[in-house]
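Asker: Got a structure for you, written out below as structure tokens; questions coming shortly.
The values are calculated or read from the model by the stated rules, or taken from the named source; none is laboratory data. Everything quoted here is computed from the prediction, not taken from an experiment. Neighbour counts are summed over all protein chains in view; Cβ atoms, including those assigned to glycine, are modelled from backbone coordinates with ideal geometry. Surface areas here come from the heavy atoms of the whole protein model, side chains and all, with no ligands, DNA or RNA. Shrake-Rupley method; radii C 1.70, N 1.55, O 1.52, S 1.80 Å.
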Amino acid sequence: MNFLFASMRKDLGRWIKDRTAMFIWLGIPFLIGVLITSMMDSGSGTPTGTLLMTDEDKTFISGLVVGAFSQDQLGDLIMVEQVDAGEGLQRINDGDASGFLTIPEGFQDAFLQESPITLTLMTNPSQIILPGIITDVTEILLDLGFYLQRLLGPEIRTIVDSEFEDGPSDAFISGISVGINQKISGIADRVTTPPIELEIVEPPPSEPRPDLALLFLPGIVLMAVLFAANSLAGDYWTERNKRTLRRLVTAPDALFGFVGGKALAVFVIMVAIAGLVLIAGFTYHGVSWAKLFSSLLWVSLGGIGLFAWFAALQMLFPSSRSANLVTTILMFPLLMMGGSFFPLEALPDWIANIGRLSPNGFIVEQLSAEFTSATSWSISARSWLILLAMTVSGLLVSVWRLRSGFARG
């Protein structure tokens, strides 16, 4: 037991001094995580566009058209900016707006007299959604104006032609209101809604869906763990090159203590690395802190298993350079299929199914379930046993490789 902890202290002392490696293990996943989160957050807002308008008529009716684009949700979607004709034409040609609408002089007179007139709308061809919305809204406004003119033309003319020094009188407002009410009442029977009853059935309650950026967090955590596990696995080659493994082969207890000490040292490193990433992710995404300990234990134990199997694989090759090259090449497909670059939910089914069978993909899937579950410690006992079996078997294979000739090389 003393040799176990002595081996752990020795490895921790050496590994902690390698600050460059620590920076790489944490720096790359943090950078990728920040970039992904920034892209997800920037794409989650409502798109907004700019509509340039030139009101050459400057009348009551043209003012209503200008104000219609600034009402309610449409005002949040489209920012109206009044400009002169030259500036508007220049900016729309430069792609500096979604649309440019010109209301010509004489628009109000043409509207009241039902004579033809043309409004000019130019849209930005480099945009797709917002110019289409502006075009549709403009057409709807023109159709609405046509029907209002046919229904309430005299009342609108009276309002437009009236001039008040101190505002409209009560008699004027009452007369206009009575006239409008009579016309609306006259057509009410024609537009009465049919006797159809609508029963609204509330959908069953469901858990809120997590934000898209949160789906990337488990893969980012495993990316840091994989980088660290692959790098630390090469320490067996460091021990071999220093001729410290030869004496361990003849002492089985010392060999188990040596491997166990490395596993404990790896566990401490994994707790530090995964803990930093998890704390940052929990803070940003608002994940319940009650899930931190279970998530950290799950990832750190998985880190030991990944380290053990990377080490066993590296000990199959004739040199440390070739061993590190092969495991590094292997690591990137694991990252791709295991949910580190893209969430498993976003991958094609056949790739996601393969990814879930990989060690890191299995860890990522269960960690995602832990993040999104209603309670902590939601990972099943069966999954914990699978992870423990993967870790123990990897350590035993490493011991077998040390005994079978690697330590004597």
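Here is a yes/no grid of residues against (1) surrounded by 15 or more Cβ atoms within 10 Å (Cβ to Cβ); (2) part of a helix (DSSP H, G or I); (3) modelled with pLDDT of 95 or more; (4) among the aliphatic types (A, V, I, L, M):
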site	(1), (2), (3), (4)
345	no, yes, no, no
368	yes, yes, no, no
385	no, yes, yes, yes
396	no, yes, no, yes
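Asker: Taking residue 363 and the conditions (1) under 22 Å from the mean Cα position of the chain (by Cα); (2) β-branched (Val, Ile, Thr); (3) surrounded by fewer than 21 Cβ atoms within 10 Å (Cβ to Cβ), which numbered condition does it fall short on, given that it satisfies the others?
Answerer: With respect to (1) under 22 Å from the mean Cα position of the chain (by Cα); (2) β-branched (Val, Ile, Thr); (3) surrounded by fewer than 21 Cβ atoms within 10 Å (Cβ to Cβ), residue 363 is out only on (3).
Asker: If you don't mind, another one. Looking only at residues in segment 347-360 that are loosely packed, with under 13 Cβ neighbours inside 10 Å and in a helix (DSSP H, G or I), which one is modelled with the highest pLDDT?
Answerer: The qualifying residue modelled with the highest pLDDT is 357.
Asker: Give the residue, chosen from 86, 132, 106, 95, that is open to solvent by less than 60 Å² (accessible area, probe 1.4 Å), within 16 Å of residue 63 (Cα to Cα) and out of contact with any Leu (no Cβ under 8 Å at 6 or more places or on another chain).
Answerer: None of the other options fit; the residue is 106.
Asker: In this structure, is residue 374 outside any helix (DSSP H, G or I) and under 24 Å from the mean Cα position of the chain (by Cα)?
Answerer: Answer is yes for this residue.
Asker: Sticking with this one: Based on what the data block shows, is residue 98 modelled with pLDDT of 65 or more, among the small types (Gly, Ala, Ser) and in contact with a strand residue (DSSP E or B) (Cβ under 9 Å, 6 or more places away or on another chain)?
Answerer: So residue 98 passes the test.
Asker: Let me ask something else about it. Of the numbered conditions (1) assigned to a helix (DSSP H, G or I); (2) open to solvent by less than 20 Å² (accessible area, probe 1.4 Å), residue 279 satisfies every one except a single condition; which is it?
Answerer: (2)
Asker: Within segment 247-254, can one find any residue that is more than 15 Å from residue 403 (Cβ to Cβ), out of contact with any Lys or Arg (no Cβ under 6 Å at 6 or more places or on another chain) and open to solvent by less than 40 Å² (accessible area, probe 1.4 Å)?
Answerer: Checked segment 247-254: no residue is more than 15 Å from residue 403 (Cβ to Cβ), out of contact with any Lys or Arg (no Cβ under 6 Å at 6 or more places or on another chain) and open to solvent by less than 40 Å² (accessible area, probe 1.4 Å).
Asker: Something else now. Quick test for you: out of 20, 59, pick the one residue that is at pLDDT 80 or above and out of contact with any helix residue (DSSP H, G or I) (no Cβ under 9 Å at 6 or more places or on another chain).
Answerer: Answer to the selection: 20.
Asker: Further, regarding this structure: Of these, 260, 219, which one is over 19 Å from residue 321 (Cα atoms) and open to solvent by 10 Å² or more (accessible area, probe 1.4 Å)?
Answerer: It is 260.
Asker: Return the residues of segment 311-330 that are of a type outside the set (Ser, Thr, Tyr) and open to solvent by 10 Å² or more (accessible area, probe 1.4 Å); say none if nothing qualifies.
Answerer: 313, 316, 317, 318, 321, 324, 325, 326, 329, 330
Asker: Sort out which residues of segment 77-116 are closer than 21 Å to residue 133 by Cβ, among the hydrophobic types (A, V, I, L, M, F, W, C) and part of a helix (DSSP H, G or I), and write them in order of number.
Answerer: Within segment 77-116, 77, 92 qualify.
Asker: Going by the structure shown, is residue 332 assigned to a helix (DSSP H, G or I), out of contact with any strand residue (DSSP E or B) (no Cβ under 8 Å at 6 or more places or on another chain) and at pLDDT below 90?
Answerer: yes
Asker: I need every pair where a residue in segment 119-132 that is closer than 19 Å to residue 87 by Cβ and in a loop (DSSP other than H, G, I, E, B) has its Cβ under 8 Å from the Cβ of a residue that is hydrophobic (A, V, I, L, M, F, W, C) and open to solvent by 60 Å² or more (accessible area, probe 1.4 Å), sequence separation at least 6 or different chains.
Answerer: 119/142
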